[in-house]
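Colleague: Let me give you the structure first, and then I'll get to my questions.
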Amino acid sequence: MGVDSTGFNGQGLMILSGSSVSPLAGAAGRVLAVSPDNQTVILSDTVDVPNRINVCKGCSSPARSFSTILFPNATAAAFSPDNLKLYLVSSSPCPGGGGNGCILVYSQVDSLQYVSLSAPASDAAFIGNGTAGFIAEGGQTELLPTCGPSAAGSLSTVNVAAQSLRPLADGMSLLSLNPPNLQTVTASITGSAAPNSIGCPAPRGFLNITSTLGPQMNLGLGSFVTKQFFVSPDGSRAYILAQNGTGAYFPFITAVDVLSGTSSQISLAGNAIPLSAGVSRAGDLLLVGANDNSVHVIDTQSGLDLQQVPLSFPNASLCIGPGNPATQVAIASLTISSAQQSGTNTIFAYNLQNGATPQMGQTVVTTGMSDSGNNGTFTILAVNAATSSSGTITVSNPAGVTASGQTGAGTVPLSCNADLLVAVP
């Protein structure tokens, strides 16, 4: 687990193993990739200036080492299956200028190389057999062979738009997500060896890589912002958690049958909103952290919400203050001046009295409103902040009543929802 910035002083990367925790001070940034052998961890620090990549080698052992590479705005990375090569992508030009996006090719044995792109890049993925990596670049996909010179001339364009890429279990295919569409890309490798030829893809060797596109699947969700996109271990299903254009989380998980090209929606018990999810190693259970302070256990075959596990472990002490009776710790206090009913939602006009601006996915507790339907505990679906201290919040509340001249109060309690969930392999 990482921290955003070296501004946290002695804090840095935290490595958890069983019940033990060990720190790596100064290694800041979001974890972008972990090598398949679990030895090398790549972090992207986009907060400190200049931006940098932090590399933790031997990270699973106490003898780990730490190094830094100056590289701006890295947002995604992928390791080759043999652990030897890594493609990092950025929406910024390469160091020294050139291009509108960049690939940093990091190798365990060779020197660093930079490949300029014509458009910003958003994701990278290797096919399972390791011959090539694919880059999501400005609405198109580029293929970069693992073996050979890493230069712009080695890139070949695959005619599929992509924002996110995920490898499939057959070793030759991947999924391309470009909301609202999903499509498979399958690589084929051909070529006949000549005497003394190098077994690498062209232009270095005799092999040729071509890509075949599967049918385009429209997920029927309209435009959306992807929050999570992952594939079951056997590659048969893909799962998507998303937000709409206003930043509100979709109240369901989209499940895609990769073979049939069909999709379905999985809703949670109690109309809870999914915030984070992971799939079990066997692929039979989907574990979903939701805004009701619970982890939901979903049967992937039936889509049924089998169990809701409340998070009652010691983190409750962070959300509940001392005293008798216990009080909820607030991160914001609001005054509510009006309410506007809109379908099954209520829009409250607020002024911030203290604390932080409300955020989507948080909970707000309203009291003192003249109409009882406007009082209660609600999930914030959208925020429109007119200034740093005022604006409107949209909540899920079908019983709301349109009213002006209100003198209600709103409290945004500290959230203890599972908004980061990882299923351990």
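The values are calculated or read from the model by the stated rules, or taken from the named source; none is laboratory data. Keep in mind the model is a prediction, meaning the values are calculated, not measured. Note that each Cβ is placed from the backbone with ideal geometry, even for glycine, and that neighbours are counted across all protein chains shown.
Colleague: Hey, does segment 345-358 have a residue that's within 18 Å of P274 (Cβ to Cβ) and touching a Pro at 6+ places or on another chain (Cβ under 9 Å)?
Modeller: Taking segment 345-358 as the starting set, the residues that turn out to be within 18 Å of P274 (Cβ to Cβ) are none.
Checked against the condition, which is being within 18 Å of P274 (Cβ to Cβ) and touching a Pro at 6+ places or on another chain (Cβ under 9 Å), segment 345-358 yields no hits at all.
Okay, residues lined up against (1) modelled with pLDDT of 80 or more; (2) not hydroxyl-bearing (S, T, Y):
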residue	(1), (2)
G321	no, yes
A349	yes, yes
T363	yes, no
I380	yes, yes
A385	yes, yes
G410	yes, yes
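Colleague: Restricting the search to segment 286-312, which residues are crowded, with 18+ Cβ neighbours inside 10 Å and aliphatic (A, V, I, L, M)? Quick ask: steps written out before the conclusion?
Modeller: First pass over segment 286-312, keeping only residues crowded, with 18+ Cβ neighbours inside 10 Å: 286-296, 298, 300, 305.
Once the filter is applied, which keeps residues that are crowded, with 18+ Cβ neighbours inside 10 Å and aliphatic (A, V, I, L, M), segment 286-312 yields L286, L287, V288, A290, V295, I298.
Colleague: Take segment 332-353 and flag every residue that is over 11 Å from T411 (Cβ atoms) and without any contact (Cβ under 8 Å) to a residue 60 or more places away in the chain.
Modeller: Answer for segment 332-353, where residues must be over 11 Å from T411 (Cβ atoms) and without any contact (Cβ under 8 Å) to a residue 60 or more places away in the chain: S342, G343, T344, N345, T346, I347, A349, N351, L352.
Colleague: Now, a different point. Regarding T346, is this residue surrounded by 15 or more Cβ atoms within 10 Å (Cβ to Cβ) and either assigned to a strand (DSSP E or B) or aliphatic (A, V, I, L, M) (or both)? Walk me through how you get there before you give the answer.
Modeller: On the way: surrounded by 15 or more Cβ atoms within 10 Å (Cβ to Cβ): yes; either assigned to a strand (DSSP E or B) or aliphatic (A, V, I, L, M) (or both): yes.
Yes, satisfied.
Colleague: Evaluate the following for N208: is it under 27 Å from S154 (Cβ atoms) and assigned to a strand (DSSP E or B)? Full working, then the answer.
Modeller: On the way: under 27 Å from S154 (Cβ atoms): yes; assigned to a strand (DSSP E or B): yes.
So N208 passes the test.
Colleague: Here is a follow-up. Output yes when any residue across segment 195-205 is touching a residue at least 40 places away in the same chain (Cβ under 8 Å) and closer than 21 Å to L168 by Cβ, and no when none is.
Modeller: For segment 195-205, residues touching a residue at least 40 places away in the same chain (Cβ under 8 Å) and closer than 21 Å to L168 by Cβ: present.
Colleague: Considering only segment 12-58, give the strands (runs of 3 or more DSSP E) lying wholly within it that have at least 2 residues that are more than 20 Å from C94 (Cα to Cα) and not hydroxyl-bearing (S, T, Y).
Modeller: Qualifying strands (runs of 3 or more DSSP E): 12-17, 20-25, 30-34, 52-57.
Colleague: I want to confirm something. Restricting to segment 295-314 and keeping residues that are assigned to a loop (DSSP other than H, G, I, E, B) and of a type in the set (S, T, N, Q), which single residue is modelled with the lowest pLDDT?
Modeller: So the first thing to find is which residues in segment 295-314 are assigned to a loop (DSSP other than H, G, I, E, B), and the list is 300-304, 311-314.
Then keep just the ones that are of a type in the set (S, T, N, Q); that gives 300-302, 312.
Numbers: T300: 95, Q301: 93, S302: 94, S312: 67.
Within segment 295-314, the match that is modelled with the lowest pLDDT is S312.
Per-residue answers, yes or no, for (1) free of Cβ contacts under 8 Å to residues at least 60 places away in the same chain; (2) farther than 24 Å from T146 by Cβ; (3) touching a strand residue (DSSP E or B) at 6+ places or on another chain (Cβ under 6 Å):
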site: S22; (1), (2), (3): yes, yes, yes
site: D45; (1), (2), (3): yes, yes, yes
site: D48; (1), (2), (3): yes, yes, no
site: C56; (1), (2), (3): yes, no, yes
site: S90; (1), (2), (3): yes, no, yes
site: C102; (1), (2), (3): yes, no, yes
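Colleague: Follow-up. Which residues, counting only those in segment 78-114, are assigned to a strand (DSSP E or B) and either surrounded by fewer than 18 Cβ atoms within 10 Å (Cβ to Cβ) or not aliphatic (A, V, I, L, M) (or both)?
Modeller: Kept after step one, since they are assigned to a strand (DSSP E or B), are these residues of segment 78-114: 78-79, 85-90, 101-107, 113-114.
Residues satisfying the conditions are F79, K85, Y87, S90, G101, C102, Y106, S107, Q113, Y114.
Colleague: On to the next question. What's the total number of residues in segment 372-405 that are over 17 Å from T246 (Cα atoms) and not in a loop (DSSP other than H, G, I, E, B)?
Modeller: 8
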